[in-house]
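Since the structure comes first, as structure tokens, the remarks are kept for the end.
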Amino acid sequence: MEYTHKPVLLNECIEALNIRPDGVYVDGTLGRAGHSREIAQRLTTGRLICIDRDMAAIDAAKERLAPWMDHVTLVHGNFAELGQVLRDAGVLAADGMLFDLGVSSPQLDDASRGFSYMQDAPLDMRMDTSAPLTAYEVVNEWPCEELRRILFEYGEERYAPAIAKAIVRAREAAPVQTTLELVEIIKGAMPPSALREKQHPAKRSFQAIRIAVNGELDALPPMLKAAADNLSPGGRLAVITFHSLEDRIVKRAMREEAKGCTCPPEFPVCVCGKKPKIKILTRRPIVSGEAELADNPRARSAKLRVAEKCDPFDL
């Protein structure tokens, strides 16, 4: 596949990471290696750890990162296990970590993966194709109430009850096999006014099912805690989110790690001993400019938050 991927907020990420040629960096969401290429080519004696759940991304990176492979370690894994990944790689602390969340461009562009509501494919949606749970099981086997819950919570879909009931009715006649079958069921459950909206009527439902299949939101808190724990003093953490659910979790986790003493305000002195692990560098998230949006419409919903590891001796 020709290398045409446009990594989101690339310049902003590279600036945020403040890369040193001899530093150790982590790209926790390798994807098409767009961010990794820019990090790797800035290293001399440094090292880059690249993690992805999708083995196709790992395999493709061997070619895309070929000129810099002396400095690169590729890891097939889940960033929820970040601490263990770093221990296995012999990394005591990293100088920067980047996480570009959500579904990657190759997963969307490859119709056979079942992520797209624009092309027909078997209901799959797995980021890691060796994982047992697929969208087929979610759509055809999960109870109506659980479908309603994920559509509402993960997709923020206001027609979640109607869509969940429509899915259950359809599968009682025959299993829902493909993405476009599911799209028609979703559209059939929505009022005409919703079908006229600019956003594709299946977008929110497909997002919700994908998040459920891959446990995406569950992976964020352990990753963010491990990132704060495994950065060197002055090291940077950069996280790109693409929807409000992810952004709220990242924002909340960063605030928690940046919070120091938790003693009640009436205590005359601190007895908890809790010190801030990080300081937040972005009071508001960084978003794409007009030039990037014109070149890459997928960047429209991207938000970048950045934090820096505190030096314990400065506290």
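The values are calculated or read from the model by the stated rules, or taken from the named source; none is laboratory data. Only a predicted model underlies this, so the values are computations on that prediction, with no experimental measurement involved. Glycine also receives a Cβ, built like all others from the backbone with ideal geometry; neighbour counts cover every protein chain displayed. Calculation scope for accessible area: heavy atoms of the full protein, side chains included, ligands and nucleic acids excluded. Shrake-Rupley method; radii C 1.70, N 1.55, O 1.52, S 1.80 Å.
Brief remarks follow.
- Number of the exception - residue 200 against (1) touching a Cys at 6+ places or on another chain (Cβ under 8 Å); (2) closer than 22 Å to residue 104 by Cα: (1)
- Residue count, region 217-233 (criterion: under 16 Å from residue 307 (Cα atoms) and either open to solvent by 40 Å² or more (accessible area, probe 1.4 Å) or in a helix (DSSP H, G or I) (or both)): 10
- Residues of region 265-312 that are farther than 30 Å from residue 233 by Cα, open to solvent by less than 50 Å² (accessible area, probe 1.4 Å) and not aliphatic (A, V, I, L, M): 289, 292, 296.
- Among residues that are of a type in the set (A, V, I, L, M), more than 18 Å from residue 225 (Cβ to Cβ), in a helix (DSSP H, G or I) and under 15 Å from the mean Cα position of the chain (by Cα), residue 294 is not included.
- Residue list for region 36-52, restricted to those being open to solvent by 50 Å² or more (accessible area, probe 1.4 Å) and not in a helix (DSSP H, G or I): 41, 42, 44, 45, 47
- Inter-residue pairs, beta-carbon under 6 Å, first on the phi < 0 side of the Ramachandran plot and in region 219-247, second polar (S, T, N, Q), 6+ apart: 236/18; 242/301; 247/241
- When region 53-62 is filtered for residues that are open to solvent by 20 Å² or more (accessible area, probe 1.4 Å) and in contact (Cβ under 8 Å) with a residue 40 or more places away in the chain, the ones remaining, listed by number, are 53, 55, 56, 60.
- Selection from region 22-34 of residues that are open to solvent by 10 Å² or more (accessible area, probe 1.4 Å) and touching a strand residue (DSSP E or B) at 6+ places or on another chain (Cβ under 6 Å): 24, 29
- Residue in region 63-85 that is most open to solvent (accessible area, probe 1.4 Å), counting only those that are assigned to a helix (DSSP H, G or I) and touching a strand residue (DSSP E or B) at 6+ places or on another chain (Cβ under 7 Å): 71
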